[in-house]
Amino acid sequence: MRQIFASKATTETSPKWEQAIKRESQLYQHGEQIRSEFERDYTRLLHCQAYRRLKHKTQVFFAPHNDHVCTRMEHVGHVASVSTMIAKYLGLNVDLTQAIAIGHDIGHAPFGHAGEEILNTLMRHSPDAPAPRKFWHERNSLFFADYIETLQDPDYVQKPLNLTYAVRDGLICHCGEIDEQGLKPREHAVKLYDIKQPGQVAPYTWEGCVVKISDKIAFLGRDIEDAREYHILDMGSYRQLREIVASTLGFPSESSNKAISRSGRAVNTTVLINDMVTDLCLQSTPESGLCFSEPYFKFLTALKKFSYANIYKHWRLQEFQRYAEEVLGCIFRVLIKSQDYAENHNLEQYLHYLPKLSTTFCDWIIKYTNYNNEKKSSLRYKTEDVFNIHDSESWEKCIIEFISGMTDQYAIEVFEEIISF
């Protein structure tokens, strides 16, 4: 094992350690403690409901009925696998890496990045606001971890996850859409909600940097594999793949529908991840940062452009995005009109003809707003009044956050419930 980053790992000898393990308050104790601080964060994220719902959320292809097409949960598993391999080889803190990886997408909207764009469009951009409000899933992952997700303590009281600073930082700083070489962590801790857009700030730890770059490695190969499953790629697309390999890595293929990697093997999920991880681990140093060799960086950049042009912008996905706009827009319009009923404490009356929606939304309102604090207490929810039912802007955010937590299938079922008579 190379382990040349061992001196940079987030451990008790690191100058960043005290800040990295900082929590807003003490976690409850279970007696004898055998887990590290970051292992506790990992299991708290693993058991939270937002993580469970990822198995029915889109990665690229919407509401898949094919069991072999990647979902958001499977993507998270890929990121955890890739980042763990890298962290182990470089000598970084594996517990911290795994905790960030397992939780990095808990704030993702239904219908993938299309859903993210739709929710962003639905939010009002007030001209009086100091900056336009924007929905982006990295910040939403942090928001869900801090304010929405709860677990029962030993007394059956639902309490927030209360994660460490290093894990929370990794959630909001994980954006894998940014193309960069020589990724290094920032030196100083910042107020995480002061970060205003994805990719703006580097993670605080090397482990956070590993997850950020692993996110990109994980999705490119698998997205191509799933596109093949759905017959999205045509012969022209395969020719483009061969040209990308030839121009960046110098290994053209003889086959009409395959391309081969620098190692001389097919470009598929397993080979791509192996070759990318190997190249990254051999090229990276604490001085140069996390980086690829120049040929592989060019290959990765070209492959990402190929995927956007031939997969993410494909007409079939564009058509489904229009459907997703109808689904999420309809749910938003129905719920945004319910504020008056919430203020008058008869929300159930407004939603009585929508039992599927009413059950979950009313519970959401009780748990996270000032709608009925007496019932909140009886249900043993020790959560803040995150949203104010008497404030229109807060009410809108309440609706957006509720929709963002939906799975693809639940959103479709609610939409069909609304339009059915």
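The values are calculated or read from the model by the stated rules, or taken from the named source; none is laboratory data. All of these numbers come straight from a predicted model, not from anything done at the bench. With ideal geometry, Cβ positions are generated from the backbone for all residues, glycine too; neighbour counts draw on all protein chains shown. Surface areas here come from the heavy atoms of the whole protein model, side chains and all, with no ligands, DNA or RNA. Shrake-Rupley method; radii C 1.70, N 1.55, O 1.52, S 1.80 Å.
Annotations
- The numbered conditions (1) at pLDDT below 95; (2) open to solvent by 50 Å² or more (accessible area, probe 1.4 Å) are all true for residue 323 except (1).
- Restricted to the stretch 281-376, the set of helices (runs of 4 or more DSSP H) holding at least 2 residues that are charged (D, E, K, R) comprises 294-307, 315-336, 339-343, 355-368.
- Residue within the stretch 44-65 that is touching a helix residue (DSSP H, G or I) at 6+ places or on another chain (Cβ under 7 Å), hydroxyl-bearing (Ser, Thr, Tyr) and over 16 Å from residue 101 (Cβ atoms) present: yes
- Pairs, first of a type in the set (Phe, Trp, Tyr) in the stretch 215-240, second assigned to a helix (DSSP H, G or I) and open to solvent by less than 10 Å² (accessible area, probe 1.4 Å), C-beta under 9 Å, six or more apart: 219/75; 219/79; 219/307
- Residues of the stretch 180-202 that are touching a residue at least 40 places away in the same chain (Cβ under 8 Å) and small (Gly, Ala, Ser): 182, 189.
- In the stretch 150-175, the residues that are at positive phi form Cβ pairs under 9 Å with partners that are of a type in the set (D, E, K, R), at six or more places apart or across chains, as follows: 156/380; 162/23; 162/24; 162/44; 162/146.
- Failed item, numbered, when residue 315 is tested on (1) free of Cβ contacts under 8 Å to residues at least 40 places away in the same chain; (2) of a type outside the set (Val, Ile, Thr); (3) surrounded by 14 or more Cβ atoms within 10 Å (Cβ to Cβ): (3)
- Residue in the stretch 104-121 that is in contact with a Pro (Cβ under 8 Å, 6 or more places away or on another chain) and either closer than 29 Å to residue 394 by Cβ or at pLDDT below 90 (or both) present: no
- Members of the stretch 77-102 that are more than 15 Å from the chain's Cα centre (by Cα), crowded, with 24+ Cβ neighbours inside 10 Å and within 22 Å of residue 144 (Cα to Cα): 96
- Pairs, first farther than 14 Å from residue 418 by Cβ in the stretch 320-334, second open to solvent by less than 20 Å² (accessible area, probe 1.4 Å) and hydroxyl-bearing (Ser, Thr, Tyr), C-beta under 9 Å, six or more apart: 324/58
- Taken over the stretch 193-211, the criterion of being assigned to a helix (DSSP H, G or I) and either open to solvent by less than 10 Å² (accessible area, probe 1.4 Å) or of a type in the set (Val, Ile, Thr) (or both) is satisfied by 207, 208, 209, 210, 211.
- Only one of the numbered conditions (1) open to solvent by 40 Å² or more (accessible area, probe 1.4 Å); (2) under 24 Å from residue 156 (Cβ atoms) is not met by residue 390, and that is (2).
- Residue pairs whose Cβ atoms lie under 9 Å apart, separated by 6 or more positions or on different chains, with the first residue in the stretch 379-390 and part of a strand (DSSP E or B) and the second of a type in the set (S, T, N, Q), are 381/150; 381/158; 387/369; 387/370; 387/394.
- Considering residues of the stretch 336-359 that are surrounded by 15 or more Cβ atoms within 10 Å (Cβ to Cβ) and either of a type in the set (Asp, Glu) or touching a residue at least 24 places away in the same chain (Cβ under 8 Å) (or both) only, the residue farthest from residue 396 (Cα to Cα): 354
- When 303, 335 are screened for being within 29 Å of residue 124 (Cβ to Cβ) and not aromatic (Phe, Trp, Tyr), only 335 passes.
- Checking residue 368 against (1) touching a residue at least 24 places away in the same chain (Cβ under 8 Å); (2) among the hydroxyl-bearing types (Ser, Thr, Tyr); (3) out of contact with any strand residue (DSSP E or B) (no Cβ under 7 Å at 6 or more places or on another chain); (4) under 26 Å from residue 72 (Cα atoms), the condition it does not meet: (3)
- Candidate set from the stretch 1-32 (those that are of a type in the set (A, V, I, L, M, F, W, C) and not in a helix (DSSP H, G or I)); member that is most open to solvent (accessible area, probe 1.4 Å): 1
Results for (1) of a type in the set (Asp, Glu); (2) at pLDDT 90 or above; (3) in contact with a Leu (Cβ under 6 Å, 6 or more places away or on another chain), shown as yes or no for each residue.
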{"site": "262", "(1), (2), (3)": "no, no, yes"}
{"site": "266", "(1), (2), (3)": "no, no, no"}
{"site": "270", "(1), (2), (3)": "no, no, no"}
{"site": "273", "(1), (2), (3)": "no, no, no"}
{"site": "278", "(1), (2), (3)": "no, yes, no"}
{"site": "281", "(1), (2), (3)": "no, yes, no"}
{"site": "294", "(1), (2), (3)": "yes, yes, no"}
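- Qualifying residue in the stretch 175-184 (condition: open to solvent by 30 Å² or more (accessible area, probe 1.4 Å), at pLDDT below 95, more than 22 Å from residue 84 (Cα to Cα) and within 16 Å of the chain's Cα centre (by Cα)): no
- Among the conditions (1) within 30 Å of residue 105 (Cα to Cα); (2) in a loop (DSSP other than H, G, I, E, B); (3) aromatic (Phe, Trp, Tyr), residue 410 misses just one, which is (2).
- Filtered residues of the stretch 275-298 (kept if small (Gly, Ala, Ser) and surrounded by fewer than 18 Cβ atoms within 10 Å (Cβ to Cβ)): 288, 293
- Selection from the stretch 39-76 of residues that are closer than 28 Å to residue 153 by Cβ and open to solvent by 20 Å² or more (accessible area, probe 1.4 Å): 39, 42, 43, 46, 47, 49, 51, 52, 53, 55, 56, 73
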